[in-house]
Amino acid sequence: MGTQDLDRYNALMEVVRNRMTTRQFDPAQPVPREHIEMVLEAARHGPSGANAQPWHFIVVTDPSVKKKIADYFVEEARKRAKLKMKFPTPNYRGLETAPGFVVVVADFRFVRAFPVLLDGSDLDKLYQQNAERILLQSVAAATMSAHLAAAALGYQVWWVTAIGQDDAQSAMKPLLGVPNDLAVIDIMCFGKPAKPPYKRWKKTLPQIMSWEKFDRKNYMSIADIDRWVEETRHKVMYKDESKVD
Ligand SMILES: Cc1cc2nc3c(=O)[nH]c(=O)nc-3n(C[C@H](O)[C@H](O)[C@H](O)COP(=O)(O)O)c2cc1C
């Protein structure tokens, strides 16, 4: 490996490590159109199952549309609180502060491009389920490239997926002119953060990596996971990694 390769790896890792979620942006520091295009240029090169590229990216610049989308999320968070869903919800008002605001749309009809039977059989259901996973991984891969490009340009990012339900689809699609058979799957926000971002807890390499065989010491039972959700989740979501033990 040449030193050039190592330099390139280090430059990439600098971007990877410093991509940090921020949920409140500084609207006084706009993102020029050119940067938005540079960010989506990275998405364009993403890998996808069958090279289907089942994605669309809608750039939102109209503050009133951003506000309407933020309103929806704030209301949805209120509904969830009422349902006693104990998820530590962030303040979705922050959405409307994002100078870079891109709605990610997936075309799930492209599951047809993957190995499926399309005969409505039980076996087909299994293949369809897998095809949906392929499609989601594909859109995530392109989206992640865009997030890294935004981070490389000196912005911080926010990946918002708290959507999914029919209500969200019908609230957002008309605002954005999204055809009914496509799906809004997440929103990518980016810009200069309102406050300095902080590095969140990440598992160590030995905690995620096995050689040859799955390392059983990293296996968690359902009880372990429930304990993690109860005792740790809120810390790793909203605290600096140094404050998580
Ligand atoms: C698939 C995916 C979905 C996410 N959905 C949300 C979301 O709906 N709302 C939110 O505030 N953050 C969301 N996030 C951001 C995560 O909370 C964040 O990435 C995580 O806490 C790790 O922090 P980091 O991005 O600073 O490394 C999502 C991230 C990913 C990758």
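The values are calculated or read from the model by the stated rules, or taken from the named source; none is laboratory data. Everything numeric in this text was worked out from a predicted model, so none of it was measured. All Cβ positions, even for glycine, are placed from backbone atoms using ideal geometry, and neighbour counts span all protein chains on display. Ligands, DNA and RNA are stripped out before the accessible areas are found, and what is left, the full protein with its side chains, is counted by its heavy atoms. Shrake-Rupley method; radii C 1.70, N 1.55, O 1.52, S 1.80 Å.
Quick rundown of the values:
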| quantity | calculated |
| --- | --- |
| Where ILE36, ILE58 fall by accessible area, highest first, once all protein chains stay in place (1.4 Å) | ILE58, ILE36 |
| Segment 1-104: C-alpha gyration tensor shape, a/c 1.5 cut-off, then a/b vs b/c | prolate |
| Whether segment 46-162 is rounded, prolate or oblate, judged on the alpha carbon gyration tensor where a/c under 1.5 counts as rounded | oblate |
| GNM flexibility winner over the chain from LYS213, LYS173, LYS86 (Cα, springs under 10 Å) | LYS213 |
| Protein-only accessible surface order, largest first, of ILE222, ILE163 at 1.4 Å | ILE222, ILE163 |
| Residue-count net charge about VAL74 - beta-carbon cut-off 12 Å; Lys, Arg +1, Asp, Glu -1 | +2 |
| Charge dipole of the chain about the Cα centre (unit charges at C-beta), most positive-ward option of ILE58, SER242, ALA28 | SER242 |
| Relative contact order of segment 199-245, pairs being alpha-carbon contacts under 8 Å that are 6 or more residues apart, as % | 63 |
| Convex hull per residue volume in Å³, alpha carbons only, for segment 199-245 | 79 |
| Accessible surface of HIS234 - all protein chains present, 1.4 Å probe, nearest 10 Å² | 80 |
| Span from the segment 115-185 Cα centroid across to the segment 230-245 one, whole angstrom | 28 |
| Solvent exposure ordering (accessible area, 1.4 Å, most first) of TYR9, TYR92, TYR238 | TYR9, TYR238, TYR92 |
| Beta bridge orientation in the chain: antiparallel %, DSSP, nearest 5 | 95 |
| At least 24 Å along the helix axis (C-alpha) and Kyte average at least -0.5, DSSP helices within the chain | 122-152 |
| Solvent-accessible surface (1.4 angstrom probe) belonging to SER221, in square angstrom, nearest 10 | 40 |
| The chain: most fluctuating residue of VAL178, VAL39, VAL139 per GNM, C-alpha cutoff 10 Å | VAL178 |
| Of LYS79/LYS239; LYS202/LYS243; LYS203/LYS235; LYS202/LYS239; LYS199/LYS243, those spanning more than 19 Å from alpha-carbon to alpha-carbon | LYS79/LYS239 |
| Helix-only [θ]222 nm of the chain, DSSP H runs n ≥ 4, -39500 (n - 2.57) each, per residue, nearest 500 | -14500 deg cm²/dmol |
| Charge-dipole axis of segment 3-197 as Lys and Arg at +1 and Asp and Glu at -1 on Cβ define it, positive-most pick from SER170, SER145, LEU118 | SER170 |
| Value of relative contact order over segment 9-94, rounded to a whole percent, pairs C-alpha under 8 Å and six or more apart | 36 |
| For the chain: relative contact order, % (alpha-carbon pairs under 8 angstrom, 6 or more apart) | 29 |
| Unit charges at the beta carbon, dipole of the chain: most positive-side option, ALA183, GLY154, MET85 | MET85 |
| Residue among GLN128, GLN169, GLN207 with the largest mean-square fluctuation in a Gaussian network model of the chain, springs linking Cα atoms under 10 Å | GLN207 |
| Cα-based shape type of the chain, given that a ≥ b ≥ c are square roots of the gyration tensor eigenvalues and the cut on a/c is 1.5 | rounded |
| SER242 accessible area, assembled protein chains, probe 1.4 Å, Å² | 100 |
